[in-house]
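Contents: one structure, followed by commentary.
The values are calculated or read from the model by the stated rules, or taken from the named source; none is laboratory data. All values reported here derive from a predicted model rather than from experimental measurement. Reconstructed Cβ throughout: ideal geometry from the backbone, glycine too, with neighbour counts over all protein chains shown.
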Amino acid sequence: MLARLGLFAGLVLVWLIILLPLKAVMMIAGGAGAFGYQDVYGSVWDGRVYGMRVAGVPIREIEMAADPLPLLVGRLAARWRVSDDSARGRGHVSIGGSTFQVSDMDLLVSIDRLGLRSFPGLDRSQMIDMDITALSLRDGRCESVQGRVQTTALVQFASTYGFEGPALLGVLSCDDGRLVITLDGAGADLELTGSVHMDQTTYTWDLELRTGRPELADALALAGMTRSGDIWRYQGSETFVVQ
């Protein structure tokens, strides 16, 4: 009899969780204070989060389909889809305690939406394609990651001055708790290698550009780069831009 009562109580608990509105689930996971959203509508199975801030920038709408079972152990796990003028994509997220995990993520987002610094001649509406198989953060520190990023932003930058720039490929890794993007790309008139290190609030970059085109000197100097022969160095550190 006790076993049957326990089974019945467990089924009732699962059923109540399934019937929870998504807003209640988000409150259990930390609420607006943790996620910075404006409002939440719908059920745990088919809900929408409006105005959630990502890198300090609000996203218009995020569709979420949560898995109710992890809530039994205090975790939020959900499939998500981003809908915004300058960001679109989908993936899976799992949040519990100090752990944040992303998997099967495919996101196309503008440079502007990521809060990254721009420089003269670079169009902030240019897109970055992010494909993350798995990412695990604990207390905001990068523990493990597998993925890559791609962008043609430098193709557009170089074409502004009549030259051919590189499409960039970046490989993701973790280093001392920071997310690292190691970049590489080569075009007919411009090559780039380097890395970007990111934590919760800041990012640093150390890039080298090589070009045999002296006509690009003014543009690269204006962008804040320093020259040594045919190599231009671009280093710096900033906080994410909040708009």
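Here is a list: Leu192, Leu179, Leu169. Which entry is at pLDDT 85 or above, among the aliphatic types (A, V, I, L, M), in contact with a helix residue (DSSP H, G or I) (Cβ under 7 Å, 6 or more places away or on another chain) and assigned to a strand (DSSP E or B)?
From the options Leu192, Leu179, Leu169, the qualifying one is Leu192.
Take the residues of the range 16-66 that are modelled with pLDDT of 75 or more and β-branched (Val, Ile, Thr): which is nearest to the chain's Cα centre (by Cα)?
So, considering only residues that are modelled with pLDDT of 75 or more and β-branched (Val, Ile, Thr), the one nearest to the chain's Cα centre (by Cα) is Ile59.
Among the numbered conditions (1) farther than 18 Å from Gly236 by Cβ; (2) surrounded by fewer than 16 Cβ atoms within 10 Å (Cβ to Cβ); (3) at pLDDT below 90, tell me where Ala134 comes up short.
Result: Ala134 passes all but (3).
Check Glu143, Glu238 and return the single one that is over 26 Å from Ser103 (Cα atoms), assigned to a strand (DSSP E or B), among the acidic types (Asp, Glu) and touching a Ser or Thr at 6+ places or on another chain (Cβ under 7 Å).
Numbers: Glu143 fails: over 26 Å from Ser103 (Cα atoms).
Exactly one residue qualifies, and that residue is Glu238.
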